[in-house]
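Throughout, read-outs are computed from the coordinates displayed, never taken from laboratory work. Not measured: the values here are computed from a predicted model. Cβ placement follows ideal geometry from the backbone for every residue including glycine, while neighbour counts extend to all protein chains displayed.
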Amino acid sequence: MPTADEILGRTKPIWTPPGVTVIFVLGGPGAGKGTQCARLVSEYGFAHLSAGDLLREEQDRPGSQFGDLIRENIKNGVIVPMEVTIALLEAAMGRVMEGEGKRKFLIDGFPRKMDQALKFEEAVCPSAFTLFFDCPEDILLERLMKRGQTSGRSDDNAESIRKRFKTFVETSMPVVDFYEKQGKVVKIEATGSPDEVYETVKERLRERGVEAGN
Ligand code: C5P
Ligand code: MG
């Protein structure tokens, strides 16, 4: 895993399109990002990297110097310092390219803050576009409370959810707006069932020139 200083000091991306494709996947907590990504992996041959999953893994890794920091931030629904998340993503991308040989990535739950967006594109890889799953908060809340019964996640409870919504609106939506202004957002209405949403995803991707297959 690259060090924080390495990430912060780097001014050129280590990968660039078209050799490597990065699609960011955003949407409020409970919007269905992970569910939709799993489907895209099997039909489109993407590699799926969830920033939240990588952070939870690092949090639980014995000896991690970031464990406590990650735990605190996740519980409070706030954003982990970007150099940690970017280093985890870069390392994971490297492993996927070496291991599976895949070079098309869905980066799920990232970038959640402007500094992450700018630094990742500067130091790791520029993005192709952002898939944005749009869903009103009352539906998100209902889904998360239901997920909380079985997810075992420390942040799927009413208090953490409220904080995550606040972070999403104040900190993550500006990232969506930033890419929207550049014409780089593919917006998906995400209120329906997973099947319905997936049909929309495929249609939008087709319009964007992304076809199923590996
Ligand atoms: O995406 P997910 O809901 O799994 O993220 C869980 C938590 O991980 C977030 O609420 C936040 O605390 C942290 N996170 C982050 N930066 C990201 C993605 C997740 O700090 N890019
Ligand atoms: Mg997720």
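Would you be able to say whether some residue in the range 65-72 is surrounded by 22 or more Cβ atoms within 10 Å (Cβ to Cβ) and not acidic (D, E)? Yes: the range 65-72 contains one or more residues that are surrounded by 22 or more Cβ atoms within 10 Å (Cβ to Cβ) and not acidic (D, E).
Among the candidates E90, E72, E98, the residue that is under 25 Å from F178 (Cα atoms) and part of a helix (DSSP H, G or I) is uniquely E90.
Counting only residues that are of a type outside the set (V, I, T), within 10 Å of ligand 1 (Cβ to nearest atom) and more than 27 Å from V96 (Cβ to Cβ), give me the helices (runs of 4 or more DSSP H) lying completely in the range 106-167 with at least 2 of them. In the range 106-167, the matching helices (runs of 4 or more DSSP H) lie at 158-167.
For beta carbons closer than 8 Å, sequence separation of 6+ or different chains, a first residue in the range 96-119 that is touching a residue at least 12 places away in the same chain (Cβ under 8 Å) and on the phi < 0 side of the Ramachandran plot and a second that is in a strand (DSSP E or B) and of a type outside the set (A, V, I, L, M, F, W, C), the qualifying pairs are R103/T21; K104/T21; F105/T21; F105/H48; L106/H48; D108/H48; D108/S50. The set of residues from the range 155-197 being surrounded by 14 or more Cβ atoms within 10 Å (Cβ to Cβ) and hydroxyl-bearing (S, T, Y) comprises S160, T167, T171, S172, Y179, T191.
If you filter the range 27-53 down to residues that are in a helix (DSSP H, G or I) and crowded, with 22+ Cβ neighbours inside 10 Å, you find that the one that is nearest to ligand 2 (Cβ to nearest atom) is K33. Residue selection: F132 fails the criterion of being in contact (Cβ under 8 Å) with a residue 12 or more places away in the chain and touching a Ser or Thr at 6+ places or on another chain (Cβ under 7 Å).
Listed by first and then second residue, the pairs with beta-carbon distance under 7 Å, at least 6 apart or on different chains, first residue in the range 73-95 and more than 16 Å from G109 (Cβ to Cβ) and among the charged types (D, E, K, R), second more than 10 Å from ligand 1 (Cβ to nearest atom) and part of a helix (DSSP H, G or I), are E83/A4; E83/I7; E83/L8.
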